[in-house]
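First comes the structure, then the notes that go with it.
The values are calculated or read from the model by the stated rules, or taken from the named source; none is laboratory data. This is a predicted model, so every value here is computed, not measured. Here the Cβ positions follow ideal geometry from the backbone for every residue, glycine too, while neighbour counts run over all protein chains shown. Side chains included, ligands, DNA and RNA excluded: accessible areas come from the protein's heavy atoms. Shrake-Rupley method; radii C 1.70, N 1.55, O 1.52, S 1.80 Å.
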Amino acid sequence: MTEANRALVLALQLSPDQMDFVATNAESLEEAEEDRDARPRVVMIKDRVVGFLMYEAPADDDEARIYRFMIDRTYQGRGYGKAALRQALDEIRSLGHVRHVSICYAPENEAARHLYRSAGFVEEGLDEDGEMIADLVLRTQMDDL
Ligand SMILES: CC(C)(COP(=O)(O)OP(=O)(O)OC[C@H]1O[C@@H](n2cnc3c(N)ncnc32)[C@H](O)[C@@H]1OP(=O)(O)O)[C@@H](O)C(=O)NCCC(=O)NCCS
């Protein structure tokens with residue numbers, strides 16, 4: 001996130017049937033300003049802003065949490081979500097202290113379910129708000145030895 005691309009992130013749109021799936025980017029950016037653990041990331045294809053993702057990975061916790069993710073409606077279905085998620089997971093892995101990543105989504109959100117399952121997330125069940133929780137155990141370089 002930079003001051004320069006902030007307005008472009010705020011202009012990103014979802015289709016009306018997706019609006020309930022994630023908080024608005026305006027809300028997320030406000031949250032990011034107040035929460036020191038929030039790590040907001042802009043999804044860019046070359047110099048074009050196409051999406052937004054936010055996660056937290058506190059240094060004293062082996063769990064990271066991706067809690068905002070969206071690709072602008074115009075750019076969906078082109079593999080950008082998958083590529084952005086892969087890059088976010090690479091970044092989280094490179095922090096070094098994270099062993100697993102959690103994510104949550106509305107159970108009827110088939111696009112999210114498909115995307116996260118193909119990245120290796122395993123569904124754990126519904127939380128108290130009726131959201132599906134899924135978890136990914138990260139492979140580390142030690143696992144490859
Ligand atoms: C979820 C989201 C980020 C995916 O982004 P995207 O760029 O469209 O995803 P991709 O094009 O990379 O597709 C990833 C996979 O999901 C599949 N997919 C995409 N939309 C789908 C849909 N509506 N139903 C089922 N599968 C879908 C793709 O076929 C692809 O699968 P594949 O790799 O097996 O071919 C996007 O749909 C979005 O912003 N949705 C609204 C906000 C939201 O729901 N965020 C998640 C809440 S946590």
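With every atom except the alpha carbons ignored, what do you get for Rg and Dmax of the chain, in angstroms?
For the chain, the Cα-based Rg and Dmax read 14.9, 47 Å.
Applying the Karplus parametrisation 6.51 cos²θ - 1.76 cosθ + 1.60 with θ = phi - 60° to the phi angles of the stretch 85-96, what ³J(HN,Hα) value in whole Hz is obtained for each residue in order, glycine and proline being reported as x?
5, 4, 5, 5, 5, 4, 5, 5, 4, 5, 5, x
Below 13 angstrom from the Cβ of Val22, what's the summed charge of the other residues (Lys, Arg +1; Asp, Glu -1)?
Net charge around Val22: -4.
Suppose R0 equals 41 Å; then what is the FRET efficiency for Thr74 and Glu131 from their Cβ-Cβ distance, rounded to the nearest 0.05?
0.95
I want the antiparallel fraction of DSSP beta bridges within the chain, as a percent rounded to 5.
Antiparallel bridges: around 85 percent, rounded to the nearest 5.
Could you give me the percent of Cα pairs per 10 Å distance bin for the stretch 45-122, shortest bin first, beginning at zero and ending with the bin that holds the maximum distance?
17, 52, 28, 4
Compute the FRET efficiency between Asp60 and Glu110 as 1/(1 + (r/R0)^6), taking r as their Cβ-Cβ distance and R0 = 35 Å, and round to the nearest 0.05.
Once rounded, the FRET efficiency stands at 0.50.
Over the stretch 28-145, with the other protein chains present, what is the accessible area per residue in square angstrom, probe 1.4 angstrom?
Solvent-accessible surface per residue comes out at 60 Å².
Which value at 222 nm does the chain reach when only helices count, each DSSP H run of 4 or more adding -39,500 (n - 2.57), with the total divided by all residues and rounded to the nearest 500 deg cm²/dmol?
-9500 deg cm²/dmol
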